[in-house]
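For reference, the structure is listed below as structure tokens.
Only the coordinates and a few stated rules stand behind these numbers; no lab work does. Because the structure is a prediction, the values reported are computed rather than measured. Counting neighbours? That spans all protein chains shown, and the Cβs are built from the backbone with ideal geometry, glycine included.
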């Protein structure tokens, strides 16, 4: 406010003296003082983890820019239907959106490879791929075709394997399994003989309860507990091989982005870095407490997919994803980059993160 | 530049007309327009991963603030000796520093528990602890006693186990082992009967070569390759149980921080989030390539610490760290918080990250 008063006063002085004309005042300073953007999320407003991350993004842009750029958050459907958020941003109806890349696969199939790939990268590796593995450049290329600038803006981490009313003891058990599982994971389940259906969120619990579906995946304990899925299913499987990390996207109308001053570009970039880690941190910190509640208060039975099932699903995933990636050149380009990065990530994880997790899991008593 | 010209011109006009006196110009606008901070790092300038992260931090603060706050980076020793960086910031000689919390354990022992704990949290969990597990509040409390505001500003991820000229086949092999290993990891090796020494970086390779020491740890493949340690040791052990994640700190003179406007506080906070993930991303992306070079070009032999050795070290670590944490109330408070968070993190990792790494490591052929 002080700054705007200052500009206003200076302009008054200038007008009074004629020494500095209004037109000689730097235009960006004035227009930026008034810049307001609208961001619609694909999530309901304040949705735990996903929506709260978008709120943090808006808050940091507004605060760090000192009010030069204020971002107002709208939940999915408040301006346009959730899955029309991309159209609204591309057309300039709103300036910014927040969602997940695979929501836009109907427009550009390559987006689904940026979001999450069965048996692909985990969150830490996905972030490294974005920043040092060519991911940012590829995602920008993909989003440019959508009319937007891309930012990684949150990550769920490894998701849960899903809620099942039938046990999975062999790959055979997927034959005829009616499961709600979207995206690339769904394609793999389909290839395993599953009967894959898509249902809007609200219809999932009754469908699971009535036996219309045998299984569903959602996010992870933190969101699944809030959604009450434990009321309708017996078994909670892990790990979420189908979404080992799901990246959330923040997208800005490309012309609006390109016209932005360098300081505001840096503000939006850094605020996205903040949101990107904030969302993952929230999931990492809160999933375990929720898992405890599910198991100890609601009697949920935790089950690990057997290794031979995981191995068979891994082979299927390779074929299915490879074929889908070859359907268009942009998907192929993104996938090739991820395949290269993943090979190195697996080799390194074996002597670092994975080896450490396994060492820490040995039976010794620590300083507890 | 434009903004400064504008302010200067407005001031000239004001002086000429007398309509607005110089003193009636809002002071923050002028002082902020000119604010310049000096940040000294404990690392040499542009040191891979560590120093480059500090550069990014300074770059984003300067850019996102539109020049209102410019941070100039100085390498360790350019203003004061590296380990006097904290004193220089606390006394206000410089405004900002970048290092690792355990460098300040001589002043406040609790800092070492914030940095890294043998068999403790990995980077993803450490970040979640900072943001959602009470870590930020505790670190702020610790750094307040140092006269500073604390930010997590980079992470090495799981470090390498170290360079050895003697094989480790049982805990007995640590008896009399002359090893350069600082911090809490060093205390554990000491408890295992090791002869722990501390050497400045430059003295490590000749000491290893001459047999004056049998082993040393450094960082991970990316830094270790650059340092040439493979020339002086035969075996490269994993995992780095002693530093499963080492957090880097950015610290700001407390009075300077508290006097900062809210927009610049948000800029510094978001820029640190950017640097925090940037450093980890660089390590994750570059460690594997370096590991490949070490193994395939330099014939380094990779070895995993045997599980029974890791289990024994885990037990020792528990006792040693527990005792050290009980030496003062602030250490105890930090450690208790981490112990609680770690218990939950381990339980959740078993059904998420750890289970996923293991599933992805099964022998199936993916889309490679």
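Values as computed for the structure displayed
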{"read-out": "Ranked by how many other beta carbons lie within 10 Å on average, peptides A:177-185, A:44-52 from highest", "value": "A:177-185, A:44-52"}
{"read-out": "Rounded to 5, the percent of DSSP beta bridges in the protein assembly as shown classed as antiparallel", "value": "45 percent"}
{"read-out": "Pair residue A:296, residue A:78: separation of 7 Å Cα→Cβ label points (nm)", "value": "3.6 nm"}
{"read-out": "Ranked A:210, A:261, criterion: other C-beta atoms within 10 Å, fewest first", "value": "A:210, A:261"}
{"read-out": "Against the rule of thumb 2.2 N^0.38 Å, how large the Cα Rg of the stretch A:163-253 comes out", "value": "1.10"}
{"read-out": "Convex hull per residue volume in Å³, alpha carbons only, for the protein assembly as shown", "value": "153 Å³"}
{"read-out": "Cα Rg, Dmax (largest Cα-Cα span) when computed across the stretch A:117-177, Å", "value": "17.0, 46"}
{"read-out": "Angle in degrees between helix A:123-132 and the longest Cα principal axis of chain A, rounded to the nearest 10", "value": "40 degrees"}
{"read-out": "Stretch gain in nm, segment residue A:167-residue A:323, where the contour uses 0.36 nm per residue and the Cα spacing is subtracted", "value": "53.3 nm"}
{"read-out": "Coarse-grained scattering of the stretch A:110-149 at q = 0.14, 0.22, 0.24 Å⁻¹, given as base-10 log I(q)/I(0) from a Debye sum over alpha-carbon atoms", "value": "-0.30, -0.70, -0.80"}
{"read-out": "Relative packing of peptides A:347-360, B:75-88 - highest average C-beta neighbours within 10 Å first", "value": "A:347-360, B:75-88"}
{"read-out": "Equivalent ellipsoid, the stretch A:94-196 (semi-axes from 5 times Cα gyration tensor eigenvalues, Å)", "value": "30, 15, 12"}
{"read-out": "Tensor-based shape of chain A (alpha-carbon gyration tensor, a/c under 1.5 rounded, otherwise prolate or oblate)", "value": "prolate"}
{"read-out": "Degrees, to the nearest 10: B:135-145 long Cα axis against longest axis of chain B", "value": "70 degrees"}
{"read-out": "Kirkwood hydrodynamic radius of the stretch B:232-345, from inverse mean 1/r over distinct Cα pairs, in Å", "value": "18.3 Å"}
{"read-out": "Antiparallel DSSP beta bridges within the stretch B:156-260, as percent of all bridges there, nearest 5", "value": "50 percent"}
{"read-out": "0 to 90° range, to nearest 10: angle between helix B:50-64 axis and chain B longest Cα axis", "value": "20 degrees"}
{"read-out": "Gyration tensor (alpha-carbon) shape descriptor, the stretch B:47-90, a/c threshold 1.5", "value": "oblate"}
{"read-out": "Per-pair calculated FRET efficiency, R0 = 25 Å: residue A:265 and residue A:93 via Cβ, rounded to 0.05", "value": "0.70"}
{"read-out": "The stretch A:154-209: translational diffusion in µm²/s, Stokes-Einstein, Kirkwood Rh over Cα pairs, 10 °C, 1.306 mPa s", "value": "129 µm²/s"}
{"read-out": "Packing-based exposure ordering (other Cβ within 10 Å, fewest first) of A:108, A:321", "value": "A:108, A:321"}
{"read-out": "D (Stokes-Einstein, µm²/s), Kirkwood Cα radius, the stretch A:34-118, 0.890 mPa s at 25 °C", "value": "185 µm²/s"}
{"read-out": "Packing-based ranking, highest mean first, of B:58-67, A:220-229, A:189-198, B:194-203 given that Cβ atoms within 10 Å are counted", "value": "B:58-67, A:220-229, A:189-198, B:194-203"}
{"read-out": "Helix-only mean residue ellipticity at 222 nm for chain B, each DSSP H run of n ≥ 4 adding -39500 (n - 2.57), per residue, nearest 500", "value": "-15000 deg cm²/dmol"}
{"read-out": "Prolate/oblate/rounded label for the stretch B:311-368 (Cα gyration tensor, a/c 1.5)", "value": "prolate"}
{"read-out": "Approximate spin-label separation residue A:255-residue A:137, in nm, with each point projected 7 Å along Cα-to-Cβ", "value": "2.8 nm"}
{"read-out": "Packing-based exposure ordering (other Cβ within 10 Å, fewest first) of B:171, B:57", "value": "B:171, B:57"}
